[in-house]
Amino acid sequence: MHHSDVLVIGAGPSGTAAASWLAQRGHSVTVVDRAVFPRFVIGESLLPVSMGHWEETGQLAALKAQNYAIKAGANFYRNGKMFDLAFGENYTQGWTWTWQVPRDHFDNVLAMEAQRLGARIHFGHEALRVDLEHGEGVELVTRHNGKEHHFTARFLIDSSGYGGTLAKLLDLHDVPAGNGRMALFAHVRESEEHRGKYADPMRISFEVLAQDLWFWSIPFSDGRTSLGFVGHHSHFDGPMGTGSGPTAMHRMLELPKAFSDRYQGVEFVHGPQVIREYTHYNQTLTGPRYVLTGNCAGFLDPVFSSGVAFATESGLLAAKLLDRQLKGEQVDWPNEYEAYIRQGADVFRSYIETWYNGDLQDVFFADDVEQSHKERIISVLAGYVWDRTNPYVSKHERAIPALAESLRLRDAERRKNLQRTT
Ligand SMILES: Cc1cc2nc3c(=O)[nH]c(=O)nc-3n(C[C@H](O)[C@H](O)[C@H](O)COP(=O)(O)OP(=O)(O)OC[C@H]3O[C@@H](n4cnc5c(N)ncnc54)[C@H](O)[C@@H]3O)c2cc1C
């Protein structure tokens with residue numbers, strides 16, 4: 001039997017952020033993860049807001065030493081037009097860069113740092129059962145090498161990502177969005193010589209292939225590149241794709257025009273792999289002795305790379321609140337945690353919805369968008385979704401549709417004037 005103040009399920013970015021912060025404040029923290037690290041997970045494009053989180057958790061210096069590829073923005077392509085999103089144009093004061101990372105390596109560094117900072121991590125331990133009324137605390141049973149192990153603690157943080165451990169074990173109301181979207185992705189290896197043939201080869205890029213189908217290209221500093229397609233499953237099961245294997249991936253790779261020859265005939269070093277119906281949210285994020293953080297609390301969509309940002313924001317916030325509670329203070333979890341997390345998620349949800357309905361895409365690819373609008377939108381896309389001084393946060397539901405509409409009217413007016421003068 002192992003006893004600690006806090007038990008964490010999952011050693012991804014969310015679990016290790018929480019564990020690192022709590023361990024440094026004198027709490028004993030045990031983390032269990034069913035995987036043996038390094039392990040593959042998708043989610044390789046980060047947002048600047050997470051840099052501040054890793055600074056607070058003490059994990060940043062070790063990450064900086066890894067020479068990951070710097071992400072100072074991203075290129076978006078549609079029908080031959082390009083939008084250059086630069087985090088340096090951020091309205092909210094904060095980080096203006098981050099990295100694009102192979103998560104197997106990156107998450108391993110995060111986990112090693114959490115251990116160095118005082119958390120105990122048990123790899124290869126799958127959470128099987130939980131008792132939330134075990135005396136004054138909780139008990140978790142894991143399986144490791146075929147044997148059961150018992151862990152007890154005063155509080156449980158579920159950061160088990162796609163595992164959704166507590167949602168499954170406690171039958172919490174985890175709601176799938178049912179939007180029919182899926183992702184098909186793979187890793188390839190590129191030589192420096194091959195990359196050298198292209199302009200700005202390390203720039204992270206996205207190409208719109210249809211209103212609800214897009215492509216990502218994420219080059220890493222270790223020579224691997226992540227390629228992926230996200231959209232409604234009809235694009236994959238229909239005439240454009242033939243399922244999910246290498247043949248389907250090669251056929252899909254013929255679609256992005258901005259990368260027409262870079263990825264032709266590439267060999268896959270991971271995948272292709274498919275994830276279907278990834279959008280979900282959990283109606284219950286906290287209980288008297290537990291909290292859900294990161295992906296297992298909910299996940300919207302990969303389009304703006306918000307997953308890890310939510311993982312670190314929620315992991316760190318949960319840790320701060322729990323620190324207070326363990327010291328005897330009263331914490332109002334529904335307001336201080338659930339409402340706060342949902343507020344940020346709602347902002348991202350609005351942007352994702354306006355991406356897929358075309359409004360945000362029209363804003364990205366419109367000519368001469370006023371700089372002040374651009375800066376405020378870029379702040380949201382850098383992850384600063386809690387800055388309510390930004391009208392593109394505080395009025396997130398209306399801001400993008402209103403701007404898209406005004407740009408369309410302006411362009412229609414310009415076309416009319418042009419016709420009049422010719
Ligand atoms: C197609 C796609 C593309 C994406 N792209 C991006 C992107 O570019 N940028 C981005 O920020 N996000 C992206 N995401 C989201 C990203 O993958 C997640 O949001 C992020 O990994 C969440 O981190 P986490 O710490 O919550 O969980 P994870 O990183 O998933 O870590 C959870 C850990 O829990 C462990 N675990 C699970 N079940 C159990 C169990 N029963 N017992 C013990 N351990 C367990 C797992 O082994 C794992 O190590 C993408 C998602 C999808 C579907």
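The values are calculated or read from the model by the stated rules, or taken from the named source; none is laboratory data. Because the structure is a prediction, the values reported are computed rather than measured. Virtual Cβ from ideal backbone geometry, glycine too; neighbours counted across all protein chains shown.
Is it the case that the stretch 21-29 has a residue that's within 16 Å of the ligand (Cβ to nearest atom), surrounded by 19 or more Cβ atoms within 10 Å (Cβ to Cβ) and aliphatic (A, V, I, L, M)? For the stretch 21-29, residues within 16 Å of the ligand (Cβ to nearest atom), surrounded by 19 or more Cβ atoms within 10 Å (Cβ to Cβ) and aliphatic (A, V, I, L, M): present. Restricting the stretch 121-176 to residues that are more than 14 Å from the ligand (Cβ to nearest atom) and acidic (Asp, Glu), the residue that is nearest to Ala11 (Cα to Cα) is Glu139. Restricting Ser314, Ser306 to residues that are polar (S, T, N, Q), under 20 Å from the mean Cα position of the chain (by Cα) and closer than 23 Å to Phe76 by Cα narrows the list to Ser306.
Within the stretch 288-312, restricting attention to residues that are in a strand (DSSP E or B) and modelled with pLDDT under 95, the residue that is farthest from the ligand (Cβ to nearest atom) is Gly298. Return yes or no: is Arg276 closer than 23 Å to Leu169 by Cα, among the basic types (Lys, Arg) and within 12 Å of the ligand (Cβ to nearest atom)? So Arg276 fits the description; yes. Examine the stretch 184-192 for a residue that is away from the ligand (no atom under 15 Å from the Cβ), under 30 Å from Glu277 (Cα atoms), crowded, with 20+ Cβ neighbours inside 10 Å and not charged (D, E, K, R), and state whether such a residue exists. The answer is yes; a qualifying residue exists.
Against the conditions (1) away from the ligand (no atom under 14 Å from the Cβ); (2) over 18 Å from Tyr162 (Cα atoms); (3) modelled with pLDDT under 95, Gln283 satisfies every one except (2).
Considering the conditions (1) of a type in the set (Val, Ile, Thr); (2) surrounded by fewer than 18 Cβ atoms within 10 Å (Cβ to Cβ); (3) assigned to a strand (DSSP E or B), Thr96 is excluded by exactly one of them, (3).
Residues in the stretch 103-131 that are among the acidic types (Asp, Glu) and either crowded, with 19+ Cβ neighbours inside 10 Å or not assigned by TED's automatic domain parsing to the domain that holds Leu46 (or both): Asp107, Glu113.
Only residues that are surrounded by fewer than 17 Cβ atoms within 10 Å (Cβ to Cβ) and touching a residue at least 12 places away in the same chain (Cβ under 8 Å) were counted across the stretch 406-419, and they come to 2.
Contact annotation: residue pairs with Cβ atoms under 6 Å, 6 or more positions apart or on different chains, pairing a residue in the stretch 199-222 that is assigned to a loop (DSSP other than H, G, I, E, B) with a partner that is modelled with pLDDT of 95 or more and among the basic types (Lys, Arg), are Pro201/Arg195; Ile204/Lys71.
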